[in-house]
1. Using the heavy atoms of the protein chains and a 1.4 angstrom probe, tell me the accessible area per residue for the chain in square angstrom.
2. If you average the sequence gap of Cα pairs under 8 Å that are 6 or more apart and divide by the length of segment 18-97, what percent do you get for the contact order?
3. Under a 5 Å amide H to amide H cut-off, with H placed in plane at 1.01 Å, what residues pair with LEU51 once short-range neighbours are removed?
4. At 7 Å along the Cα-to-beta-carbon direction for both ALA87 and ALA13, put a label point, then send me their distance in nm to one decimal.
5. When the accessible area of the chain is split by element with a 1.4 Å probe, what percent falls to carbon and sulfur?
6. Output ³J(HN,Hα) for segment 60-73: one whole-Hz value per residue in order, computed from phi by the Karplus curve 6.51 cos²θ - 1.76 cosθ + 1.60 with θ = phi - 60°, and x for Gly and Pro.
7. For Cα extents along the principal axes in Å, pick the label among (1) 62, 43, 28; (2) 62, 26, 21; (3) 160, 16, 9 that corresponds to the value derived from the coordinates.
8. Modelled label-to-label distance, ASN25 and ALA66, 7 Å Cα→beta-carbon offset: nm?
Amino acid sequence: ETMEVTLKTEVEAGASGFSVKGGGNEGIFIKKVLKESPASKIFSLREGDQLLSATIFFDNIKYEDALKILQYSEPYRVQFSLKRKIAVQEDLEHSAAQHKKERIGQ
């Protein structure tokens with residue numbers, strides 16, 4: 001009897017030492033994992049695992065690499081994690097407006 005589980009790995013640099021197969025609506029699967037590689041030792045990838053998503057971190061990434069990754073990902077489902085600077089004044093006005101709305105609602 002087999003059971004399906006979804007695993008999330010730790011954040012690490014460089015997932016090397018594995019190959020994949022599949023594609024299209026079949027999905028992407030781990031084909032081969034080299035024994036002493038980061039893929040095996042750090043990420044614990046196993047042959048037959050389905051790769052559901054990969055998060056690539058953009059700190060210290062080369063501009064060309066970031067561009068390539070973003071261009072290649074255009075046709076696919078993507079999730080972004082963003083950091084945004086907000087002017088403090090704008091933020092205070094926004095929360096004051098929210099507060100007024102709540103008081104009117106009572």
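The values are calculated or read from the model by the stated rules, or taken from the named source; none is laboratory data. This one's a predicted model, so the numbers in the text were calculated from it and none came from an experiment. When we count neighbours, we look across all protein chains shown, and the Cβ atoms used for this are built from the backbone with ideal geometry, even at glycine. Just the protein is used for accessible areas: all its heavy atoms, side chains included, with ligands, DNA and RNA removed. Shrake-Rupley method; radii C 1.70, N 1.55, O 1.52, S 1.80 Å.
1. Ligands and nucleic acids excluded, the result is 99 Å² per residue.
2. 18
3. For LEU51, the qualifying residues are ILE28, PHE29, ILE30.
4. 3.9
5. With neighbouring chains kept in place, the figure for the chain is 52 percent.
6. In residue order, the calculated couplings are 6, 8, 6, 3, 4, 5, 4, 4, 4, 4, 5, 5, 5, 8 Hz.
7. Among (1) 62, 43, 28; (2) 62, 26, 21; (3) 160, 16, 9, the one derived from this structure is (1).
8. Reported label-point gap for ASN25 and ALA66 is 3.7 nm.
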